[in-house]
Every structure is written in structure tokens, then in C-alpha cells.
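Engineer: Below is the structure I would like to discuss, written out as C-alpha cells.
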Amino acid sequence: MAHSFNQRTDLPVILEPKFKAPDALGFSRWLVGMPPWALPAVAVLMMLWPIAGHAQAVYSAEKIIDIMLKWLPLLLTKGFLMNVVISFFTMLFGTIAGLFLGLGRVSENGAVRSISWLTVQLFRNSPWLVLLFIVMLTLPFEIRIGGTYIPVPDWMKAVFGLSLPVMANIAEIVRGAIQSVPSAQWEAAQSLAFSRRQIMWQIILPQCFKRMIPPWMNWYAIMTMATPLVSLLGVTELVTLSRQAMEAEGNNPSLLMPFFGFALLIFFIYCYPIARFTLRLESKFALKG
Amino acid sequence: MPASTTTEQTWTQDQPIVSIKDVRKSFGTFEVLKGVSMDIMKGEVICIIGPSGSGKSTLIRCINALNDIQAGSITIEGQEVHDADLDKLALRKKVGMVFQQYNLFPHKTALENVMMAPLKVLKQPKEEVEKRARTLIKKVRLEGKENSYPGELSGGQQQRVAIARSLAMDPDVMLFDEVTAALDPETVKEVLLTIKELAADGMTCILVTHEMAFAREVADQIYFTDKGVIVEHGAPDVFFENASDPRTKEFLGQIL
Amino acid sequence: MIDIIQSFFRDLAETYPKWNFIFFYEPAQWERVVSGLYVTIKLSVVCVILSVIIGIAGAWAQGSPSRIIRWVVQSYIQFFRNTPPLIQLLFFYFALGQFTPTVTGPDGWTEQPIISNVGWAIISLSFFAGAFNVEIFRSGIEAVPNSTLEAAESLGFTRAQTYTNVTFPLALRVSLPALNNNLINLVKTTTQAIAIAVPELLYEMVSIWNDYSSAQNAAMTVLFFTYIALVGILAFGMHKWEKRLLVPGFGKAS
Ligand SMILES: Nc1ncnc2c1ncn2[C@@H]1O[C@H](COP(=O)(O)OP(=O)(O)OP(=O)(O)O)[C@@H](O)[C@H]1O
Ligand SMILES: [Mg+2]
């Protein structure tokens with residue numbers, strides 16, 4: 001969110017702050033600003049710490065490594081992969097809904113505008129976890145379409161829950177991008193007798209499409225970081241599986257660091273390239289305008 | 001004040017109030033001042049002119065210890081400025097500085113800008129400071145603007161607040177670095193008038209300026225710098241009519 | 001008055017069994033809601049204050065000449081900004097919590113860790129939001145032009161005086177919009193403390209509807225709007241403050 005600095009005076013009173021608010025590209029910038037070795041180093045440290053620090057009641061290093069290796073495939077294929085699947089679907093639904101909600105924010109119809117505004121405010125300002133709880137518990141476990149019952153798995157419900165805040169935030173990105181197109185574009189198109197809908201879909205949206213990609217990807221990364229929340233509602237994913245694995249291995253405290261450390265590490269490995277790519281795109285677009 | 005009172009006592013009014021001797025200053029390997037000397041007597045107004053990049057700002061910043069120097073000496077009232085154990089506060093009290101970009105504190109009103117240093121730095125009582133600040137604001141012809149923020153003032157008005165702010169510390173020497181360069185021609189006059197009045201009151205002033213007519217009118221001495229040295233100096237009439245050095249002639253030829 | 005409200009909701013629950021606002025007529029449930037709300041507010045207020053302190057201290061430390069200090073601050077920021085807060089919370093409470101010493105509890109014979117789950121939630125959330133605040137304040141400080149600081153120096157301000165009278169007040173004004181966002185995000189993130197059984201609002205509401213399934217819809221509605229209200233109050237307050245600090249010439253164009 002760029003703060004507009006007053007143009008009335010020519011004094012160099014204050015420089016434009018470099019920080020972009022968390023809902024701009026702050027997150028990606030951060031991820032990229034981090035040296036690539038930082039998190040792996042921290043994770044290794046965390047895995048070694050209990051071995052060094054807590055002599056009794058501790059499994060030996062070999063045993064911990066054995067346990068980790070044993071669970072690794074499952075944590076990845078049944079655990080983290082699930083986070084990724086959830087994040088994909090969430091982004092898909094959130095983007096589609098957000099696009100229309102964003103269009104509603106700039107609609108000509110005042111009622112549509114107000115309702116869209118209210119929707120955005122409600123879902124942007126409520127905690128993700130609250131939305132997750134509400135959606136998980138109110139959605140039925142199966143939907144009837146025609147005569148057939150289609151089961152809705154838990155993770156799918158979680159997707160809907162996470163989609164709501166994503167939708168509201170994408171809507172703001174869409175609105176911002178649309179409003180950043182100079183009004184001269186509208187006037188030019190109107191003078192060529194385009195209808196409002198045509199102008200929006202054929203002229204305005206294609207223009208601001210590029211502008212939306214970096215913040216959109218930034219939100220993908222933020223939302224991916226939120227997927228472990230679904231473990232609190234019993235959906236199987238990385239954190240759920242890690243806790244089950246630790247239980248299966250006798251709940252030894254020395255396993256806590258390696259398992260949670262691994263969870264932190266895997267998220268970093270996944271999000272870091274995305275953040276890099278986001279920033280590359282942003283600077284590329286910034287150059288070309 | 002723990003300032004070295006002994007040196008202050010040895011300084012008398014008939015000695016130069018600011019004395020610059022063979023000052024050398026480099027940024028890295030780039031030498032900006034290559035041995036600059038000048039003496040300024042109390043109450044004198046001197047103008048430094050010269051092409052861009054010749055080191056005028058650097059010199060003036062060295063006088064105020066905003067920059068350090070590599071060789072030579074600068075004394076103010078007999079006190080060495082670039083002395084490691086100099087009491088910086090004592091120096092700042094003696095030397096006021098006004099910048100090209102005004103550099104007011106944007107979150108304080110004009111009056112608060114003027115009052116801030118005496119209050120926070122000198123810890124003087126508020127009523128007294130406020131009274132003096134109001135007088136100073138009046139002096140720079142800004143009555144009625146006491147409660148305006150810098151953002152609500154024109155460039156010329158801001159610059160005059162900046163002058164009042166420096167004067168509030170009751171300095172013996174004022175430094176002005178191209179204080180009208182950022183202003184439009186209309187407002188330049190107001191600021192120059194303020195400086196002229198200040199000079200007439202007997203304030204010792206060192207000005208860097210591109211306003212030749214003003215320099216000619218107000219200065220007792222004009223110094224011309226080029227590439228880090230003082231090429232020549234003299235009283236305004238002599239300087240402008242009979243510049244001897246070809247570099248000065250060329251510069252004046254471009255400007256006048 | 002209270003009687004009227006209580007009987008209204010009791011009647012409502014009888015007519016519409018799915019809308020049992022049990023906490024509006026049963027004092028025991030009401031107390032659970034209030035205590036949950038209290039914990040949420042306490043958690044939010046303490047974390048907001050701590051995270052702002054961490055932010056200011058961190059931003060100041062980042063300007064330190066020591067490379068080691070800068071590196072430590074940097075690593076801290078990186079770690080907390082780039083990992084899910086939920087896992088941070090679990091990591092703090094379970095992984096680090098096992099190393100904290102224990103003391104004898106108030107009953108005189110059970111051993112309790114000196115840092116409770118509420119304590120860990122405060123620590124974890126404050127550090128999480130603090131990492132963002134460091135960045136926010138640092139960019140605010142960077143936005144203050146050197147020349148303004150030089151002006152202060154030439155007026156005789158010491159480094160500390162310049163910081164408190166010029167740098168900080170200006171940096172704060174620049175930082176406020178971003179700080180605003182981050183603190184709102186922090187209040188929303190307090191819900192995640194449910195993962196370590198901190199009895200905040202979400203936790204209490206979930207236990208109410210677990211105990212009385214007929215209260216589920218009612219509890220969800222109240223939960224949803226309570227958080228909207230909390231966030232709204234914070235946003236409103238911050239906005240007021242932003243406006244009060246607004247000075248002509250910079251900040252949001254008015
Ligand atoms: N902080 C610095 N670091 C490195 N070089 C500097 C610095 N400040 C000034 N210089 C260099 O020193 C030289 C003299 O600069 P100075 O600002 O004193 O010139 P000036 O005479 O005031 O010019 P102008 O009329 O444009 O203000 C310039 O070449 C400039 O690039
Ligand atoms: Mg200059």
C-alpha cells in the first residue's frame with residue numbers, strides 16, 4: 001500500500017518509505033532478503049540442540065535420524081503435499097471469487113458496491129482460524145446435486161474456509177489494479193462506443209493483469225503459510241502427521257525439535273523460490289511499466 | 001560549561017573571530033579542499049562564490065564540524081573546532097547554520113521549531129524561550145505564522161523560520177549555505193532582506209551564494225573558490241570590477 | 001433489564017432450537033465468554049505493547065555499528081517472518097517449553113513450568129509481530145532525511161536527543177499505516193493460541209459449542225462479530241491516532 005505523500009510542498013521533508021505493508025510485497029521481499037542458508041542452518045541447529053543439551057531422556061542422534069528418515073516419505077507425500085493441494089485449490093477459488101468481488105467494488109451499481117465493500121471488510125478483518133472453524137462446522141459433509149450425493153472431504157471444506165480471506169484480499173488487489181488504470185483509458189474506449197462490460201474485460205483488465213501478478217503471488221505465499229491451521233480442525237497435513245508420528249515414536253521430547261524444525265524448513269524451501277520469482281517478476285514489470 | 005575558558009580568554013575582539021588556516025579535506029582519495037585559509041573579523045560579512053563542486057559547502061560544513069578535516073586548523077574565538085575533546089555543544093552555541101533545503105522539523109510548528117533547541121539542548125526555562133522565539137519570529141517578519149507547520153509555509157517562509165531557529169541559540173557566527181538556491185525569485189527577496197538586516201545588526205556572517213548583486217551589496221569581503229582553493233578575494237567593488245585571475249573572470253563572465 | 005434479555009434469548013432458544021444463545025441467559029456460560037474475551041484482550045494488549053517495544057529496540061539495534069548485533073537481529077527477523085506462526089507457537093510451547101525449569105505450584109505439591117501456555121503464547125506472538133515491527137520502524141527511520149538530522153546536529157542536539165526529538169517522532173508517523181496493519185494482523189493471530197489451549201475467546205466459544213451443540217450457530221455468530229468488533233475498535237483507535245499525529249506537509253494527503 002503506497003502512502004501518497006503530499007505533493008503540495010516541494011520540500012524533501014520525508015523520503016518515501018521503502019517498506020511495503022504486509023499485504024503488498026513485503027512478505028516476498030523478506031523471504032528473498034534472507035540468505036539461502038539461514039533457515040537450513042537454524043533447522044540443523046534445532047535438530048542438534050536436544051542431542052547436545054538434554055542428555056537423559058533423549059534418543060541418540062542415530063536414533064533420531066533413523067526415525068526422521070523413516071517418517072520423511074510420509075511427511076512429504078501425505079503431509080506437505082496436502083498443504084500444497086489445499087493451497088492450490090484455495091488460491092483457485094479465492095482468485096475467481098476475488099475477481100468478481102473486486103469488480104463489485106468498482107461497480108456502477110451503488111448497492112453492489114456497498115455489499116462488496118462490506119464483504120471485503122468482513123472477511124479481511126476476521127481471523128482466518130475463526131472463518132475456518134465456522135466453515136468447517138457449517139458445511140455439510142456431502143452435497144446433493146440432482147439425485148446423487150457428492151461427499152465433501154474435510155480438506156475441501158478447509159479450502160472453502162481459507163478461500164474467504166484470500167478472496168477478500170484478492171478483491172482489494174483487483175480493485176487497486178483497476179483503479180490504477182488512468183481514467184483516460186475509459187474515456188477513450190467510451191468514445192469508441194465500447195460497452196462498460198467490454199471496456200472492463202477487453203481493455204482494462206488485460207492492462208492491469210500484469211500488475212496483479214506479483215501481489216497475487218505474494219498472497220499465495222502468505223496463504224500457504226496459513227495451511228497448517230487446518231491441522232487444528234483435524235485435517236491431515238504436515239503438522240497433523242508430524243504430531244501423529246511423534247506419538248507413534250513414544251512422544252519422546254527430543255523428537256519435538258527435529259519434527260517441528262523439519263516443518264519450518266520445508267515451508268521455507270517451498271516459499272523461498274516463489275518469493276524470488278515474485279520479486280523478479282515485479283522488477284521486470286516495473287521496468288517495462 | 002566545561003569549555004576551555006583559558007583559550008576563550010586569550011581571544012580578543014581585535015583578533016579574527018573565525019580563523020581558517022591551510023585546511024585540507026578529502027573524501028576518500030578525492031581532495032576537495034586543498035589548503036584553504038581565511039580570517040573573518042567580528043561583525044564581518046563574507047561571501048564565498050565559485051563554481052559548483054568547488055568545495056564551498058564542504059568548507060562551510062567544516063567550520064561547523066559537520067565534516068572533519070585532514071589537515072590545517074579552524075578556530076572560532078580562538079578555540080580549535082577540530083579538537084578531539086572539544087565541547088561540541090559550546091561550538092554549536094557559537095555557530096548557527098542555515099541550509100539550502102531549510103531542514104525544518106516537519107512535525108513542529110514554526111514557533112516550536114524555534115524553541116526546540118534552547119529548550120532541549122540548553123534546557124532554558126520555557127517562558128523565557130517562548131518570549132525570545134516570538135521576538136525572533138517577528139524579526140524574520142513571520143508574525144501570525146507561529147502556529148503553522150513547515151508544510152503550510154512557502155519556501156521563503158520556511159527559510160526564515162530556519163534562520164530564526166538558528167538565531168534562537170544566540171550564535172556569534174552564522175553560516176548560510178546557498179539559502180536561496182531552492183527558492184523562487186519572488187521569495188528570494190524576503191530571505192535576503194532578513195539576512196541583510198541581520199548583517200546590519202552586526203552579526204558575523206559567512207554566506208555561500210549565487211546572488212551576485214546581493215553579495216556585492218552586503219559583503220565586506222568576497223572569496224572566490226575553484227577546485228578546492230581560494231583563487232582570490234577582495235572587497236566587492238574591487239573584486240567585481242578588477243578581478244585579476246582568469247578563472248574568476250571566466251566565472252563572473254558566465255554569471256553576470 | 002437483564003431479566004428481559006435473558007428471557008428473550010431463552011424464548012428464542014425454545015422457538016428456534018438451532019439458535020440457542022445459551023451464554024446470554026446462563027450465567028455460567030456468560031462467564032466463559034467474558035473470561036475468553038478478557039484473555040483475548042489481555043493477550044492482544046500485552047502482545048501489541050511487547051511487539052512494539054521489540055520493534056523499536058530491534059530497529060535501533062539494526063543501526064548498531066556491530067556486525068554481530070545486526071546479524072542477530074536480521075536472523076531473528078528472517079526466522080519469524082518466514083515461517084508459519086502456528087508452527088512457531090507449537091515450537092515454542094512444546095519444543096522450547098520442555099527446557100524451562102519448573103516451580104512448585106500454588107497447591108504446594110504439583111510442579112509447574114515457570115512459563116505457562118499463556119506466557120508462551122505472549123512470547124511467541126510478540127516475537128512474531130515484533131519481527132514485522134522491526135522492519136516497519138526501520139524503514140520509517142530510513143525515511144527521515146539525513147539533512148534534517150544534520151540540522152538537529154548543527155543546533156547542538158546530541159545523538160540521543162536527535163533520536164527522541166526528531167528521528168523517532170518522524171519515523172513513527174511514516175510507520176503508522178504499516179504498523180496499523182501489522183497490529184490488526186496480530187490481534188487476528190491471537191486466535192492461534194488455541195493450539196496450545198490458551199483459554200481465549202475462540203477456545204471458550206469452541207468449548208461452549210462442544211458442550212451444547214444447539215449453541216453452535218449462536219456461538220459462531222457471536223464469535224465472528226466479536227472479532228470484527230475488536231479489530232474494528234483497534235483500527236478505529238489507530239486511525240484516530242494517525243490523524244492526531246498528522247501534520248501538514250507529509251503523511252497521507254488529506
Ligand atoms: N559526503 C561526500 N562524500 C564524497 N564526496 C563529497 C561529499 N560531499 C561533497 N563531496 C564532493 O566534494 C566536492 C565539493 O562539494 P561541495 O558540496 O563542497 O561543492 P559546492 O561548491 O558546495 O557545490 P555547489 O555549488 O553545487 O553546492 C564535490 O565534487 C562533491 O562531489
Ligand atoms: Mg553546495
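Engineer: Taking interchain pairs and intrachain pairs at least six residues apart, which have beta carbon atoms under 7 angstrom, with the first residue in the range C:221-245 and of a type in the set (A, V, I, L, M, F, W, C) and the second not in a helix (DSSP H, G or I)?
Structural biologist: Within 7 Å, the pairs are C:PHE224/A:SER126; C:ILE228/A:ASN125; C:ILE228/A:SER126; C:VAL231/A:ASN125.
Engineer: When the range B:47-81 is examined, which residues are found to be more than 14 Å from ligand 2 (Cβ to nearest atom) and of a type outside the set (A, V, I, L, M)?
Structural biologist: Step one: list which residues in the range B:47-81 are more than 14 Å from ligand 2 (Cβ to nearest atom), which gives B:65, B:68-81.
Within the range B:47-81, B:ASP68, B:GLN70, B:GLY72, B:SER73, B:THR75, B:GLU77, B:GLY78, B:GLN79, B:GLU80 qualify.
Engineer: Restricting to the range B:26-42, and then to whatever is open to solvent by 30 Å² or more (accessible area, probe 1.4 Å) and closer than 24 Å to B:GLN13 by Cβ, can you tell me which residue is nearest to ligand 1 (Cβ to nearest atom)?
Structural biologist: So the residue we want is B:SER37.
Engineer: Also: Would you be able to tell me the number of residues in the range B:228-241 that are modelled with pLDDT under 90 and either among the polar types (S, T, N, Q) or within 16 Å of ligand 2 (Cβ to nearest atom) (or both)?
Structural biologist: 0
Engineer: How many residues are within 13 Å of ligand 1 (Cβ to nearest atom), surrounded by fewer than 23 Cβ atoms within 10 Å (Cβ to Cβ) and within 17 Å of B:ILE222 (Cβ to Cβ) when one looks only at the range B:43-53?
Structural biologist: 1
Engineer: Here is a further query. Looking at the range B:184-211, which of its residues are aliphatic (A, V, I, L, M) and more than 16 Å from ligand 2 (Cβ to nearest atom)? Explain how you work it out, then say what you get.
Structural biologist: First, the residues of the range B:184-211 that are aliphatic (A, V, I, L, M): B:188, B:191-193, B:195, B:198-200, B:203, B:206-208.
Residues satisfying the conditions are B:VAL188, B:VAL191, B:LEU192, B:LEU193, B:ILE195, B:LEU198, B:ALA199, B:ALA200, B:MET203.
Engineer: Hey, C:GLY36 hits all of (1) more than 24 Å from C:ALA219 (Cβ to Cβ); (2) in contact with a Leu (Cβ under 6 Å, 6 or more places away or on another chain) but one; which does it fall short on?
Structural biologist: Unmet for C:GLY36, out of (1) more than 24 Å from C:ALA219 (Cβ to Cβ); (2) in contact with a Leu (Cβ under 6 Å, 6 or more places away or on another chain): (1).
Engineer: Could you list, in sequence order, all residues of the range B:180-210 that are within 16 Å of ligand 1 (Cβ to nearest atom) and within 14 Å of chain A (Cβ to nearest Cβ)?
Structural biologist: Once the filter is applied, which keeps residues that are within 16 Å of ligand 1 (Cβ to nearest atom) and within 14 Å of chain A (Cβ to nearest Cβ), the range B:180-210 yields B:ALA181, B:ALA182, B:LEU183.
Residue by residue, here is whether (1) without any contact (Cβ under 8 Å) to a residue 60 or more places away in the chain; (2) touching a Ser or Thr at 6+ places or on another chain (Cβ under 7 Å) holds:
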site: A:GLU237; (1), (2): no, yes
site: A:MET246; (1), (2): yes, no
site: A:GLY250; (1), (2): yes, no
site: A:PRO253; (1), (2): no, no
site: A:PRO258; (1), (2): no, no
site: A:ILE266; (1), (2): no, no
site: A:PRO273; (1), (2): yes, no
site: A:PHE277; (1), (2): no, no
site: A:GLU282; (1), (2): no, no
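Engineer: Moving on. Looking at C:ASN133, C:ASN165, C:ASN117, can you tell me which residue is over 21 Å from C:VAL73 (Cβ atoms) and more than 8 Å from every other protein chain (Cβ to nearest Cβ)? So that I can check it myself, show each step before the final result.
Structural biologist: Numbers: C:ASN133 fails: over 21 Å from C:VAL73 (Cβ atoms); C:ASN165 fails: more than 8 Å from every other protein chain (Cβ to nearest Cβ).
The unique qualifying residue is C:ASN117.
Engineer: Go through the range C:77-96 and give me each residue that's at pLDDT below 85 and more than 9 Å from chain A (Cβ to nearest Cβ).
Structural biologist: Passing the criteria: only C:PHE80.
Engineer: Related question: How many residues are open to solvent by 30 Å² or more (accessible area, probe 1.4 Å), away from ligand 1 (no atom under 16 Å from the Cβ) and facing chain C (nearest Cβ under 8 Å) when one looks only at the range B:57-104?
Structural biologist: 3
Engineer: Here's another thing I want to ask about it. Give the residues of the range C:130-182 that are over 21 Å from the mean Cα position of the chain (by Cα) and of a type in the set (Lys, Arg), sorted by residue number.
Structural biologist: Listed by number, the list holds a single entry, C:ARG159.
Engineer: Out of (1) within 16 Å of ligand 2 (Cβ to nearest atom); (2) more than 14 Å from every other protein chain (Cβ to nearest Cβ); (3) within 18 Å of B:CYS62 (Cβ to Cβ), the odd one out for B:LEU175 is which?
Structural biologist: With respect to (1) within 16 Å of ligand 2 (Cβ to nearest atom); (2) more than 14 Å from every other protein chain (Cβ to nearest Cβ); (3) within 18 Å of B:CYS62 (Cβ to Cβ), B:LEU175 is out only on (2).
Engineer: Go through the range B:12-21 and give me each residue that's open to solvent by 70 Å² or more (accessible area, probe 1.4 Å) and either within 16 Å of ligand 2 (Cβ to nearest atom) or under 20 Å from the mean Cα position of the chain (by Cα) (or both). Working first, answer last.
Structural biologist: As a first pass, look at the range B:12-21 and keep what is open to solvent by 70 Å² or more (accessible area, probe 1.4 Å): B:13-15, B:21.
Once the filter is applied, which keeps residues that are open to solvent by 70 Å² or more (accessible area, probe 1.4 Å) and either within 16 Å of ligand 2 (Cβ to nearest atom) or under 20 Å from the mean Cα position of the chain (by Cα) (or both), the range B:12-21 yields B:GLN13, B:GLN15, B:LYS21.
The values are calculated or read from the model by the stated rules, or taken from the named source; none is laboratory data. If you're wondering where the values come from, they're calculated on a predicted model, not measured in any experiment. Ideal geometry is used to build each Cβ from the backbone, glycine not excepted, and the neighbour counts take in all protein chains shown. Side chains are part of the model used for accessible areas, which takes the heavy atoms of the whole protein and leaves out ligands, DNA and RNA. Shrake-Rupley method; radii C 1.70, N 1.55, O 1.52, S 1.80 Å.
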